[in-house]
Amino acid sequence: MAGSTNTAVKLISGDGFSFIIDKEVAEQSPTLKNMLDTSRGGVDSDVAFAEALTNQIQLPEIRGRTLEKVCQYLFYKYRFVDEGASDRVPEFDFEIEMSLELLMAADYLDC
């Protein structure tokens, strides 16, 4: 992905679990990408989100188990974004019991 730096981002769930993922992977979510955007006035500007300055994002409405699956999906999306609808893209598996929580997280993160 052009234009992104190769830094890590820390995502923190509502129940205190932390997940460290590559910024390019996190930016597969438009919501996270906007939160991490430093071009809103520069890193030293008061215009940028605090998350862009610290590379830490609190997600208080998402539980750790769900956020872990979201991180897996973001990596899956990053990995297979250029494959299109080819047969080489494997299924993304998750437990059916997680469907509602994943749907709500996906809606919030726009992914």
(request) For segment 48-111, compute Rh as the Kirkwood radius over C-alpha pairs and then the Stokes-Einstein diffusion coefficient at 10 °C and 1.306 mPa s; write the answer in µm²/s, rounded to an integer. (result) 118 µm²/s
(request) Would you mind computing, in nm to one decimal, how far apart the modelled labels at SER99 and LYS10 are, each placed 7 Å from Cα along Cα→Cβ? (result) 3.6 nm
(request) Note down the nm distance, to one decimal, between modelled labels 7 Å out along Cα→Cβ at TYR108 and at CYS71. (result) 1.6 nm
(message) Within segment 50-80, list the residues whose amide N lies under 17 Å from a label point set 7 Å along Cα→Cβ of SER39.
(response) 52-53
(message) Could you give each residue of segment 91-99 its phi-based ³J(HN,Hα) in whole Hz, using Karplus coefficients 6.51, -1.76, 1.60 with θ = phi - 60°, and x for Gly or Pro?
(response) 5, 9, 8, 7, 6, 4, 5, 8, 3
(request) Determine, for each peptide in 60-68, 95-103, the mean count of other beta carbons within 10 angstrom over its residues, then list the peptides with the highest first. (result) 60-68, 95-103
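None of the figures in this text is laboratory data; all of them are computed from the coordinates on show. These numbers come from a predicted model, not from an experiment. Here the Cβ is made from the backbone with ideal geometry for all residues, glycine too, and neighbour counts use every protein chain on show.
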